[in-house]
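Remarks on the structure that follows.
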Amino acid sequence: MNRILIVEDEPRIVSFLKKGLQANGFATGTATNAKEAISMVQTHQFDLMLLDLGLADEKDGFTVLEELRGQGEQIPIIILTARDEVGDKVQGFDLGANDYVTKPFRFEELLARVRVRIREYNSSSKQSSNQYEKILSFNNIVLDLSTRKAKVGSEHVELSAREFLLAETFFRHPGQVMSREQLLDRVWGYDYDPGSNIVDVYVGYLRKKLGSKLIETVRGMGYRLRTNSK
């Protein structure tokens, strides 16, 4: 049975989520503040976290997210919040959130997202333990998957969580053209406006940090990791 940690300080919402999740076969735990949430992840086994951004102490949900990812915790995290500003969404994804759902929400949609994120996490964990290497390298660039750090030659390069995941996606598919839709699905896991240029923006970030010729634009199709020196 999968276990879900609900990090929320509004009792009515906690009760609603617990009843719905338990009725669908999930076990649940709850935390009302940042300190408690971090402690429970460190001391208990959970398969996913539902994280509100506004919590009942001096730390908010972004702090929880940042601290857990900084500690190397890979638990899937779905932000569940009333904050619907684009800046909050971008910050959440940059800090390592797997999904972002705004209140009010339909429970059926949230349930579907929970199942998808757990399925992805279980699949990724199995692949990592059975076949995926801990280091990805291309030319003089190295991605360390265990520490989520990058190096160009002997120089360490700081990448945000989203930048690292985008680089990892390209490194796993050298020479393969990746459409913007594929990259959105694999890296952001969120249904962005089709007119959003967030993929283009982050490709630009990687070019600045890892090399201007690393990622090639394939007009009308998307991007690919350049496998020649032209």
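The values are calculated or read from the model by the stated rules, or taken from the named source; none is laboratory data. Everything numeric in this text was worked out from a predicted model, so none of it was measured. Cβ coordinates were reconstructed from backbone atoms using ideal geometry, including for glycine residues, and neighbour counts include every protein chain displayed. Accessible surface areas use protein heavy atoms only, side chains included; no ligands, DNA or RNA. Shrake-Rupley method; radii C 1.70, N 1.55, O 1.52, S 1.80 Å.
A few comments on the model shown:
- Charged neighbours of Glu10, selected by a Cβ distance under 11 Å, balance to -1 (K, R count +1; D, E count -1).
- Within the shell of other residues whose beta carbon sits under 9 angstrom from the beta carbon of Asp144, the net charge comes to +4, with Lys and Arg scored +1 and Asp and Glu -1.
- For the chain: lysine pairs under 16 Å (alpha-carbon distance), excluding those fewer than 8 apart on one chain: 9
- For Glu158, the accessible surface of its heavy atoms amounts to roughly 130 Å² (probe 1.4 Å, protein chains only, rounded to the nearest 10).
- Cα gyration tensor shape of the range 6-105, rounded if a/c is under 1.5, else prolate or oblate by comparing a/b with b/c: rounded
- Carbon plus sulfur fraction of accessible area for the range 1-158, probe 1.4 Å, in percent: 46 percent
- Taking N as its residue count, the alpha carbon Rg of the chain over 2.2 N^0.38 Å: 1.06
- Residues of the range 14-32 falling in the label zone of Val101, defined by backbone nitrogen less than 11 Å from a point 7 Å along Cα to beta-carbon, are 17-18, 20-21.
- Solvent accessible area, Å² - Glu85, 1.4 Å probe, full protein context: 120 Å²
- Seen from Leu159, the other residues with C-beta closer than 14 Å to its C-beta sum to a net charge of +2, counting Lys and Arg as +1 and Asp and Glu as -1.
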